[in-house]
Amino acid sequence: MACSMATKLACVLVMCMVVGAPLAEAAITCGQVASSVSACIPYLRKGVAAPPPACCSGVRSLNAAAKTTADRQQACKCLKSASNSIPGIDLNLAAGLPGKCGVSIPYKISPSVDCSK
């Protein structure tokens, strides 16, 4: 169940990483996405006051790994599909997570984001 929850959270977080880059075949897997952001779940459920260092480290490494458009789209899809299966996620905290971790993205993290763009 933890993997399922982590995968969904990962999808929400990667949605924010859908930024234009050269088209290529996605090299990122949903397992990698989930692993990168699993430490963020307690924060996103309002269980802790700030994102833990492991959470921000995962967000930064996921952002760095999603270099191509295909990678970012795949990560977005993984996070988006995972977000629906993690109970208690605060979408406002998810939207602000990149900034809290020092990652700048040009859009708001949201379950309604279009991962194809």
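The values are calculated or read from the model by the stated rules, or taken from the named source; none is laboratory data. Being a predicted model, the structure only gives us computed values, none of them experimental. Every residue, glycine as well, gets a Cβ built from its backbone with ideal geometry; the counts of neighbours run over all protein chains shown. Surface areas here come from the heavy atoms of the whole protein model, side chains and all, with no ligands, DNA or RNA. Shrake-Rupley method; radii C 1.70, N 1.55, O 1.52, S 1.80 Å.
Quick notes on this one:
- For segment 28-101, averaging the sequence separation of C-alpha pairs within contact (under 8 Å, six or more residues apart) and dividing by the residue count gives a relative contact order of 43 percent.
- q = 0.18 Å⁻¹, segment 28-101: log10 I(q)/I(0) [Debye, one scatterer per Cα]: -0.66
- In this simple spin-label model, placing a label point 7 Å from the Cα along the Cα-to-Cβ direction at both Arg45 and Asp90 gives a separation of 1.4 nm.
- Once the 1.4 Å probe is applied to the protein heavy atoms, segment 28-101 comes out at 43 Å² accessible per residue.
- Amide H partners (placed H, <5 Å) of Ala27, local residues excluded: Asp71
- At R0 = 22 Å, FRET efficiency that the Cβ-Cβ distance of Lys100 and Thr29 yields, to 0.05: 0.30
- Gain on full stretching of the segment that runs from Ala54 to Lys67 - 0.36 nm per residue minus C-alpha separation: 2.6 nm
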